Amino acid sequence: MLFLFGGSALPGCSGEEAAVKPGNPVPAAQEGGPLQRDALVIATPVDAKDLLYVVSQTASDSAIIEATSMSAMDGDFDCKITYQPELAASWQFSEDGKSITVHLRDDVTWEDGQPVTADDYKFTYDLVADPAVASPRLDMLSHMLPDARPRVIDAHTVEFQFKEAYDRTTMLSHLGIPFVPKHVLDSPGVDRASLRGHAINATAPLANGPWRVATWEKNARIVLEPNPKFTGPKSMIPKLKRVIFKVIPEYATRLLELENGSVDLMDQVLVADADKLAAEHPEIQLHRRGWRTLDSVLWNTIDPVDYKAKLDTAKPGVKPSDVKPNHLFGDREVRRALASAVDVDKLIKDLLTSQVTGEVYGRPAIGTITPALCGAHNDNLQRLPFDPASARTQLAALGWTDSNGDGWLDKGGEVMRFTMITNAGNQRRAKAAVIIQSNLKDVGVDMQIEQLESNTFFERLRARDYDAALSGFAAGLLIDPGAFWAPNAEFNFTSYRNPKVDDLIARGMSEPDYEKAKPIWPELQQTIYDDQPFAFLYWMDDIVAVNSRFQNTAIDILSPYRRLYQWSVPVDKVKYQQ
Amino acid sequence: MIGYFIRKLLLAVPLLWGVLTLTFLLLELAPGDASDAFINPDMSPDVVASVRLKWGLDRPAHERYFIDLKNMASGDFGRSITLERPVAEVIAETLPNTLQLAAVSLFVSQFFGLCVGIAQSIRQYSRLDSALAIGTLFFYSMPAFWLALMLQLVFCLYWNVLPSSGMVDAVMYDYMTPTQQLLDRCKHLVLPGVAMGLAGAAGDARFMRSAMLEVIRQDYIRTARAKGLPEWKVIGKHALRNALLPAITLLGLNLPLLFSGSVLVEYIFGWPGMGRLIINAIMTEDAPVIMGCFFVYTLLVVVGNLLSDLVYSVVDPRIRFS
């Protein structure tokens, strides 16, 4: 949902040319550059797939693109994202804040020697805009004027014009991207509809950044080596000789290779394993990245059966407001009562707390804006207390009582019973579902759990074909609550609607000054929290384990391995001489 | 004999048709389609619709079924929807890796199966026989994924003598001599090959034991012993060759299990083979890749069975195909 770091990738050279031949020396460091030594081996569960920025989607894609490409801008995070020059030397906003002029560096070239120019910059947006490309990044263009996205002024200057001014950081995020090489892709022989199959994307990317892809063995490993043709800033010349992304799908195998030293870095380490690593492997350091992922229970506010019937019979574009409310969760007070019945602190204690050190890797959630966005996150919001007795009282006030003494609440002959779906294969969520089930049983609510294969689960969410769902989300670091809460948003799985929320989102998103918009977001979170379309559970911290011989590491909320060019190893700790 | 093989190959056509039809039906029953991979909050619904149009996903199922069958019949596997590359090219990248692993596990399965089975049969009811029977039952009952994890724990963490993932040393391979590279590849084959082959070996051993026991009771074995042949010659030359026939049947039957078993083992050992290709394709509902992979698997099983028929006639010259 959010562009975090730059990266692009290019072709030009064939895979054969790009590969390091056995026995050949790795290209020497650039003249005057630092001495390069050692190798960093990163364990990754999935291979990269698309190395052209305009079609890339996965975290693995982003990691390689970021290393091999210079982006127009480079992001940093400290309570909010700020952008620094990278490929763009500078930029200025117009007085009305509706246009931005970007001046590019003139000393950067592609791996094949061609200069990186404003034409590449514009061409990247042309590809994103082309429906044939089916780019997942179309949203970048939604606020830009079609004839100025961007307008090329000269070889190294472009101007972007927007329909209206909005949050400046978000505006810059739509500009701070890596480029694609126009001189390779803008030719009659290139079919834009088949761009994902082009060599430059699928087998032999073309770099303009500090690293180049030396070897790409599909589903096995990607070897990066310093780009000998890199002409960017000297500070970006790599200090390591190689970075190797080793594809290991199985978590247990990744952990084992971290322990035996075959790999140097892995992320998403489980809390129990972090304890073991801390106790048995002094050579491994653990880092916490910050609050990026959230688990919640989604309450479907509309009736799934009626929604499907209306979809089947009515014209396309049926609105949630046309559908009957959900017999349980259409009622805000029921949702609030159930939220009081769920013990979030116990979930955090059981699932996200070290049993050895007591260190806590989770915190209660009150909305979809991450606590990492200090100021925007509502730190003062009072959570609904865990109070089963109060939950029972609230439900009784709504007519839900245990009239026949069977232990389950009922109303008008109907037992308070529903099914919560969740995706199979996630141990933490499976345990959380059982704890929630037990919590609800204590107040007389019969919740069944149904684990579904991931595709089926996602399909059921999209079709609003569920009553309750336990799901996870990765939060963006640019505030965009509309994706979850706007009435017709694709990802508004609960079909939640509240005019006040729509108004707050519109006001917040159209305010160019982040500081002025900040007070709007706590109010938005309070309003949504009061309505409880989600039972917000917890934010989770990602634990990254890395061998301690590496210095100047950049492990933060933006990425588990950022700015790989600055990573280094002291001479007395080098592991791989080659 | 050529006529026999041609007939067998022709019989594979309805088999392939059945497999492809079943695969197509299962894909149709699954929710969603490959266009789901293009869905995210920033993607316009129009773009998703154009993706469906481009790949013919908007057409009725029966139309797509006949188009797919026609393309397969003409040897055109089509293009992967998510990778935008020819399916044949994608399969060609992974098939050799899977075949390598299958060959090693087949060797492990057959070699250990035969050795243990023979040892048990010539020492029937001895302590060795009992110990090996318990051992084979242990490995036969053990799920392949658990065995794989245990092997990794012992050989890669406690002793750290064998690699636990990949086909080559991710760091040093590029700096090795060709001989070192060959050895490195062999080392990487050991654990996945053993994990895949050991359960088969246990089954083969039990099968081989009963086949050998059957044979060594025959009159011609008694005759061989009576005329003073050394025991190794009696077992190795006279008994084994006759006991091998059922084992060869088993080899043909084992092939499908070998390929289906490779999916899990490839996942655990990070082996870039067809098993992982299929998993990824299933997760993204990339129908052309799934159909192409099952087509190749079926073909491999058919060819494998033909080869085992061929081996029959080599082992027992009395067998003639007509």
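Across the range B:149-185, the number of residues qualifying as hydroxyl-bearing (Ser, Thr, Tyr) and assigned to a loop (DSSP other than H, G, I, E, B) comes to 3. The single condition among (1) under 30 Å from residue B:240 (Cβ atoms); (2) open to solvent by less than 40 Å² (accessible area, probe 1.4 Å); (3) touching a helix residue (DSSP H, G or I) at 6+ places or on another chain (Cβ under 8 Å) that residue B:122 does not meet is (2). Would you confirm whether any residue within the range B:54-68 is within 14 Å of chain A (Cβ to nearest Cβ), in a helix (DSSP H, G or I) and surrounded by fewer than 18 Cβ atoms within 10 Å (Cβ to Cβ)? Checking the range B:54-68: at least one residue is within 14 Å of chain A (Cβ to nearest Cβ), in a helix (DSSP H, G or I) and surrounded by fewer than 18 Cβ atoms within 10 Å (Cβ to Cβ).
I'd like to check something: does the range A:279-286 contain any residue that is away from every other protein chain (no Cβ under 14 Å) and under 30 Å from residue A:494 (Cα atoms)? No, the range A:279-286 has no match at all. As a summary of the residue check, residue A:177 satisfies the conditions (1) surrounded by fewer than 22 Cβ atoms within 10 Å (Cβ to Cβ); (2) under 28 Å from residue B:81 (Cβ atoms) except for the one numbered (1). Within the set A:243, A:223, A:263, A:271, the sole residue that is at negative phi, open to solvent by 10 Å² or more (accessible area, probe 1.4 Å) and either modelled with pLDDT under 95 or of a type outside the set (S, T, N, Q) (or both) turns out to be A:271.
Looking across A:132, A:155, one residue alone is at pLDDT below 95 and surrounded by fewer than 17 Cβ atoms within 10 Å (Cβ to Cβ). It is A:132.
Restricting to the range A:186-211, count the residues that are within 14 Å of chain B (Cβ to nearest Cβ) and either assigned to a helix (DSSP H, G or I) or touching a Phe, Trp or Tyr at 6+ places or on another chain (Cβ under 6 Å) (or both). So the answer is 10.
Could you tell me whether the range A:486-493 includes any residue that is among the charged types (D, E, K, R), buried (at least 18 other Cβ atoms within 10 Å of the Cβ) and touching a residue at least 24 places away in the same chain (Cβ under 8 Å)? No: the range A:486-493 contains no residue that is among the charged types (D, E, K, R), buried (at least 18 other Cβ atoms within 10 Å of the Cβ) and touching a residue at least 24 places away in the same chain (Cβ under 8 Å). Residue-level analysis places residue B:81 among those that are part of a loop (DSSP other than H, G, I, E, B), within 14 Å of chain A (Cβ to nearest Cβ) and either open to solvent by less than 40 Å² (accessible area, probe 1.4 Å) or not acidic (Asp, Glu) (or both). Kindly indicate whether residue A:537 is part of a helix (DSSP H, G or I) and on the phi < 0 side of the Ramachandran plot. Here the answer is no, as residue A:537 does not meet what is asked.
Scanning the range A:370-411 for residues that are over 30 Å from residue A:515 (Cα atoms) and either touching a strand residue (DSSP E or B) at 6+ places or on another chain (Cβ under 8 Å) or not hydroxyl-bearing (Ser, Thr, Tyr) (or both) yields a total of 25. Tell me, please, whether a residue that is open to solvent by 60 Å² or more (accessible area, probe 1.4 Å), small (Gly, Ala, Ser), over 19 Å from residue A:57 (Cα atoms) and in a helix (DSSP H, G or I) can be found in the range B:15-26. No, the range B:15-26 contains no residue that is open to solvent by 60 Å² or more (accessible area, probe 1.4 Å), small (Gly, Ala, Ser), over 19 Å from residue A:57 (Cα atoms) and in a helix (DSSP H, G or I).
Tell me which residues, restricted to the range B:119-130, are assigned to a helix (DSSP H, G or I) and either within 11 Å of chain A (Cβ to nearest Cβ) or under 22 Å from residue B:214 (Cβ atoms) (or both).
B:119, B:120, B:121, B:122, B:128, B:129, B:130
Among the residues making up the range A:478-508, those that are away from chain B (no Cβ under 12 Å) and out of contact with any helix residue (DSSP H, G or I) (no Cβ under 9 Å at 6 or more places or on another chain) are A:499, A:503.
Of note, residue A:237 does not satisfy the criterion of being under 16 Å from residue A:48 (Cβ atoms) and either of a type in the set (Val, Ile, Thr) or away from every other protein chain (no Cβ under 14 Å) (or both).
For the range B:134-161, the set of residues classified as touching a residue at least 60 places away in the same chain (Cβ under 8 Å) and of a type in the set (A, V, I, L, M, F, W, C) consists of B:137, B:138, B:139, B:144, B:145, B:148, B:149, listed by residue number. All conditions but one from (1) hydrophobic (A, V, I, L, M, F, W, C); (2) away from chain A (no Cβ under 14 Å); (3) open to solvent by 50 Å² or more (accessible area, probe 1.4 Å) apply to residue B:258; the one that does not is (3). In this structure, does residue A:215 turn out to be of a type in the set (Ser, Thr, Tyr), surrounded by fewer than 24 Cβ atoms within 10 Å (Cβ to Cβ) and assigned to a loop (DSSP other than H, G, I, E, B)? For residue A:215, the condition - of a type in the set (Ser, Thr, Tyr), surrounded by fewer than 24 Cβ atoms within 10 Å (Cβ to Cβ) and assigned to a loop (DSSP other than H, G, I, E, B) - is not met.
Applying the criterion of being in a helix (DSSP H, G or I) and open to solvent by less than 60 Å² (accessible area, probe 1.4 Å) to the residues of the range A:274-287, the residue that is nearest to residue B:156 (Cα to Cα) is A:277.
Residue under question is residue A:494, and the condition is that it be of a type outside the set (A, V, I, L, M, F, W, C) and under 27 Å from residue A:390 (Cα atoms); does it hold? When the stated conditions are applied, residue A:494 passes them.
Selection of the range A:307-348 for residues being open to solvent by 80 Å² or more (accessible area, probe 1.4 Å) and not in a helix (DSSP H, G or I) yields A:315, A:316, A:319, A:324, A:325, A:327.
Only one of the numbered conditions (1) buried (at least 16 other Cβ atoms within 10 Å of the Cβ); (2) in a strand (DSSP E or B) is violated by residue A:394, and that is (2). Picking from residues in the range A:529-553 that are of a type in the set (A, V, I, L, M) and open to solvent by less than 10 Å² (accessible area, probe 1.4 Å), the one that is farthest from residue A:336 (Cα to Cα) is A:546.
Would you point out the residue of the range A:54-112, among those that are among the polar types (S, T, N, Q) and part of a strand (DSSP E or B), that is farthest from residue A:156 (Cα to Cα)? Looking at the filtered set, the residue picked out is A:82. Taken over the range A:465-494, the criterion of being closer than 23 Å to residue B:47 by Cβ, part of a loop (DSSP other than H, G, I, E, B) and touching a strand residue (DSSP E or B) at 6+ places or on another chain (Cβ under 6 Å) is satisfied by A:493 alone. Name every residue in the range B:162-171 that is at the interface with chain A (Cβ under 10 Å from one of its Cβ atoms), touching a residue at least 12 places away in the same chain (Cβ under 8 Å) and either surrounded by fewer than 18 Cβ atoms within 10 Å (Cβ to Cβ) or more than 19 Å from the chain's Cα centre (by Cα) (or both), in order of residue number. Passing the criteria: B:163, B:164, B:168, B:169.
Screening the range B:261-281 for residues that are facing chain A (nearest Cβ under 10 Å), in contact (Cβ under 8 Å) with a residue 12 or more places away in the chain and in a helix (DSSP H, G or I) and picking the one that is surrounded by the most Cβ atoms within 10 Å (Cβ to Cβ) gives B:277.
The values are calculated or read from the model by the stated rules, or taken from the named source; none is laboratory data. Remember, predicted model here, so these are calculated numbers, not experimental data. Note that each Cβ is placed from the backbone with ideal geometry, even for glycine, and that neighbours are counted across all protein chains shown. Accessible surface areas use protein heavy atoms only, side chains included; no ligands, DNA or RNA. Shrake-Rupley method; radii C 1.70, N 1.55, O 1.52, S 1.80 Å.
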